[in-house]
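Here's the structure, in structure tokens; my notes come after.
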Amino acid sequence: METENRTCIIIGASQAGVSCAFALREEGWAGRILLYDTDPKLPYYRPPLSKTALTGEELMYNHILKPLELYRKENIQLGLGIKVVALDALNKEVILSDHTQVNYDRLVLATGARPFIPNIEGIQTAAQVFVLRTQQDAEAIRHALEKSMDKEVVIIGGGYIGLETAASIKKLGGKVTVLEREKRVLERVTAPEMSEFFMALHAEQGVHIEVNKNVVAIHGNPKQMVVCDDGSAYRADLVIVGVGVLVNTELAEQAKLNMDRGILVDASMRTNQEHIYAIGDCTRHHNPFYDRFVRIESVQNATDQGKIAAAAICGKNPTYDVLPWFWSDQYDVKLQMVGLSEGYNQVVVRKETGDTPSFSIWYFDQDQLLAVDAVNHAKAYMLGAKFIRQKTRVDKTKLADNGLEFKPANLVMA
Amino acid sequence: MAKITFITRDNQTITVEGESGSVMALARQNGVKGIEGECGGVCSCATCHVHVQNGEFSRTGQQGTIEKDLLELNDHADETSRLCCQIRISDEIDGLVLRVAEKNSF
């Protein structure tokens, strides 16, 4: 395909969009590449926002995705601080917030997601309520904490964002309470054993975690009270909300793309509209390994889908087929996860011996290994990935026996 | 200050200079192809895997424990392997040559 006089527009310049832009050049796209984002900052990695960038241990400059010179070198036109307000798939054009109209030959939606704000009385008007998705959000939290006398912080939501943020704020000298609606933290994503471990870890570090807490109201200014439906109330100078996301699908709706809690894409990231692709957090794709549709929020998924879309746009027929992987850092604990545990009916816990806590949780559906979560045990993470991928039958009894050395020969079913 | 040379998967040679921080961050800042550093340099992902050339392990130091575990089952790892997020830039490593390892995906 002759691409010289063509234009590819990418909407969303985070992990997925930036990956796609650079991959397009590698794949030989010779035409224009326009990359838009509402965020005015030079595109950056998001994971540090709840970790070292929040504590201030590291400058965000160290976490930019690519230096500005590289966009220039690859002739990728960055349109930062610009919102794409309309998409006309029929005429292949978009309209920007400044009313400019731009035509495209190929369009990539990398619109991501935004923090979900639950319907809590007073949440819209409370002065010190924060979310954490952008660099600006992280800076706002840090500044508010610096200005606060008592540094009492309530985090609504005990997922990864909530827990990582709790650990970081604790490090900054905050008094942190995490309010989780379910009966345990990380309820949606891990086994009870993992939730217990993290509850204990946070308790040990002095973070107060309360479960079965359904927040119904936030009152007061500047000192706020966070009120739950059981009548309990918590004082907070800062309230941080981390209860999941809403997928940004407004443009996809305008283009009448097929959707199911995310933009539906095929194995090459194509949508149902010719010339429109979608990548990253905003998409739902069929995972061949688990044989079901999944929407994945991760760096790996965003980066890889960006590359797949670029290859497809340049005329190849790539297939996205990888096991998803994730990680989380809290205090000195390294959690690494591979695979998707949903649908498991048995877990095996493998504890290593030694002073540092080190263990892994293996999720099975009957005899099929679905996923592995490893705490301070990279070897289990790597081996788990291999076993899942190769559909290796694992000897569960031997796996649970930490008297046996952790090596493939000891774990594979004879 | 150290000059470090990367050999990419398509055999291009790129020499870059850095003062501090990790070699992974330096590679990323200079757009060295194949060094992703997806986890941001916390030794969680192994997407910054390199082979230390010319047997210069004495200068980079040996693999750390977590690093070793991440590399042990990597199909492309060998005795020259390091995750370059774990190599700090210093005068010690001036002139180092690193070959970007093949991508390992699950």
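The values are calculated or read from the model by the stated rules, or taken from the named source; none is laboratory data. Remember, it's a predicted structure, so these values are computed and weren't measured experimentally. Cβ placement follows ideal geometry from the backbone for every residue including glycine, while neighbour counts extend to all protein chains displayed.
Rundown of residues vs (1) buried (at least 23 other Cβ atoms within 10 Å of the Cβ); (2) more than 9 Å from chain B (Cβ to nearest Cβ); (3) aromatic (F, W, Y); (4) more than 30 Å from A:T3 (Cβ to Cβ), yes/no style:
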| site | (1), (2), (3), (4) |
| --- | --- |
| A:G339 | yes, no, no, yes |
| A:T353 | no, yes, no, yes |
| A:K386 | no, no, no, yes |
| A:G403 | no, yes, no, yes |
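When the residues of segment A:268-311 are narrowed to those that are polar (S, T, N, Q) and either out of contact with any helix residue (DSSP H, G or I) (no Cβ under 8 Å at 6 or more places or on another chain) or over 15 Å from A:G112 (Cα atoms) (or both), which ends up nearest to the other protein chains (Cβ to nearest Cβ)? Explain how you work it out, then say what you get.
Kept after step one, since they are polar (S, T, N, Q), are these residues of segment A:268-311: A:268, A:271-273, A:283, A:287, A:298, A:300-301, A:303, A:305.
Next, from what is left, pick out any that are either out of contact with any helix residue (DSSP H, G or I) (no Cβ under 8 Å at 6 or more places or on another chain) or over 15 Å from A:G112 (Cα atoms) (or both): A:268, A:271-273, A:287, A:298, A:300.
Values: A:S268: 17, A:T271: 24, A:N272: 28, A:Q273: 29, A:N287: 12, A:S298: 9, A:Q300: 6 Å.
The residue in question is A:Q300.
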Exercise for the section: Restricting attention to strands (runs of 3 or more DSSP E) lying wholly within segment A:316-401, give those where 2 or more residues are without any contact (Cβ under 8 Å) to a residue 60 or more places away in the chain, acidic (D, E) and closer than 28 Å to A:S268 by Cβ. Expected result: none
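Considering only residues that are among the charged types (D, E, K, R) and more than 10 Å from chain A (Cβ to nearest Cβ), look in segment B:37-76 and name the one that is surrounded by the fewest Cβ atoms within 10 Å (Cβ to Cβ). Break it down into steps so the answer makes sense when it comes.
First, pick out the residues of segment B:37-76 that are among the charged types (D, E, K, R): B:38, B:56, B:59, B:67-69, B:72, B:75.
Right, trim to more than 10 Å from chain A (Cβ to nearest Cβ) and you get B:56, B:59.
Details: B:E56: 14, B:R59: 16.
Across segment B:37-76, the extreme among qualifying residues is B:E56.
I'm checking my understanding of the structure. Among residues of segment A:1-21 that are touching a residue at least 40 places away in the same chain (Cβ under 8 Å) and surrounded by fewer than 23 Cβ atoms within 10 Å (Cβ to Cβ), which one is farthest from A:Y71 (Cα to Cα)? Write out each step before concluding.
First, pick out the residues of segment A:1-21 that are touching a residue at least 40 places away in the same chain (Cβ under 8 Å): A:1, A:3, A:6-21.
Add one more test, that the residue is surrounded by fewer than 23 Cβ atoms within 10 Å (Cβ to Cβ), and what stays is A:1, A:3, A:6-7.
Working: A:M1: 23, A:T3: 19, A:R6: 18, A:T7: 16 Å.
Taking the candidates together, the pick is A:M1.
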Completion exercise
A careful count of residues in segment A:337-356 that are more than 8 Å from A:L370 (Cβ to Cβ) and of a type in the set (S, T, Y) gives 2
Practice task
Report, by residue number, each residue of segment B:40-97 that is among the aliphatic types (A, V, I, L, M) and either in a helix (DSSP H, G or I) or over 25 Å from A:Y381 (Cα atoms) (or both).
Solution key: B:I66, B:L70, B:L71, B:I89, B:I93, B:L96, B:V97
Practice task
Please verify whether segment A:192-206 includes one or more residues that are modelled with pLDDT under 95 and either under 25 Å from the mean Cα position of the chain (by Cα) or not small (G, A, S) (or both).
Solution key: no
Fill in the blank from the handout: Over segment A:275-303, the set of residues outside any strand (DSSP E or B) and either among the basic types (K, R) or outside the structural domain of A:Q15 (by TED's automatic domain parsing) (or both) is A:R295
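Against the condition crowded, with 21+ Cβ neighbours inside 10 Å and either more than 10 Å from every other protein chain (Cβ to nearest Cβ) or basic (K, R) (or both), how does A:S328 come out, does it pass? Before the answer, list the steps.
Details: crowded, with 21+ Cβ neighbours inside 10 Å: yes; either more than 10 Å from every other protein chain (Cβ to nearest Cβ) or basic (K, R) (or both): no.
In short, no.
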Exercise for the section: Kindly indicate whether A:I95 is surrounded by 14 or more Cβ atoms within 10 Å (Cβ to Cβ) and outside any strand (DSSP E or B). Expected result: no
Handout entry: Enumerated helices (runs of 4 or more DSSP H) restricted to segment A:158-274, each holding at least 3 residues that are more than 30 Å from A:C20 (Cα to Cα)
Key = A:160-171, A:192-204
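Counting only residues that are without any contact (Cβ under 8 Å) to a residue 40 or more places away in the chain and among the hydrophobic types (A, V, I, L, M, F, W, C), which one in segment B:50-98 is nearest to B:I14 (Cα to Cα)? Lay out the reasoning, then the answer.
Start the filter on segment B:50-98 by keeping residues that are without any contact (Cβ under 8 Å) to a residue 40 or more places away in the chain, which leaves B:55, B:57-82.
Among the residues that remain, those that are also among the hydrophobic types (A, V, I, L, M, F, W, C) are: B:57, B:66, B:70-71, B:73, B:77.
Working: B:F57: 20, B:I66: 28, B:L70: 26, B:L71: 25, B:L73: 28, B:A77: 22 Å.
Once the filter is applied, the top-ranked residue is B:F57.
Across segment A:1-19, which residue is farthest from the other protein chains (Cβ to nearest Cβ) among those that are farther than 15 Å from A:G79 by Cα and in contact with a helix residue (DSSP H, G or I) (Cβ under 6 Å, 6 or more places away or on another chain)? I'd like the intermediate steps shown before the answer.
Kept after step one, since they are farther than 15 Å from A:G79 by Cα, are these residues of segment A:1-19: A:1-6, A:15-16, A:19.
Applying the additional criterion that residues be in contact with a helix residue (DSSP H, G or I) (Cβ under 6 Å, 6 or more places away or on another chain) yields A:15-16, A:19.
On the way: A:Q15: 9, A:A16: 12, A:S19: 9 Å.
So the residue we want is A:A16.
May I ask you to list the residues in segment A:146-157 that are assigned to a loop (DSSP other than H, G, I, E, B) and surrounded by fewer than 23 Cβ atoms within 10 Å (Cβ to Cβ)?
In the first step, residues of segment A:146-157 are kept if they are assigned to a loop (DSSP other than H, G, I, E, B); the result is A:148-151, A:157.
If the condition is that a residue be assigned to a loop (DSSP other than H, G, I, E, B) and surrounded by fewer than 23 Cβ atoms within 10 Å (Cβ to Cβ), then A:S148, A:M149, A:D150, A:K151 are the ones that fit.
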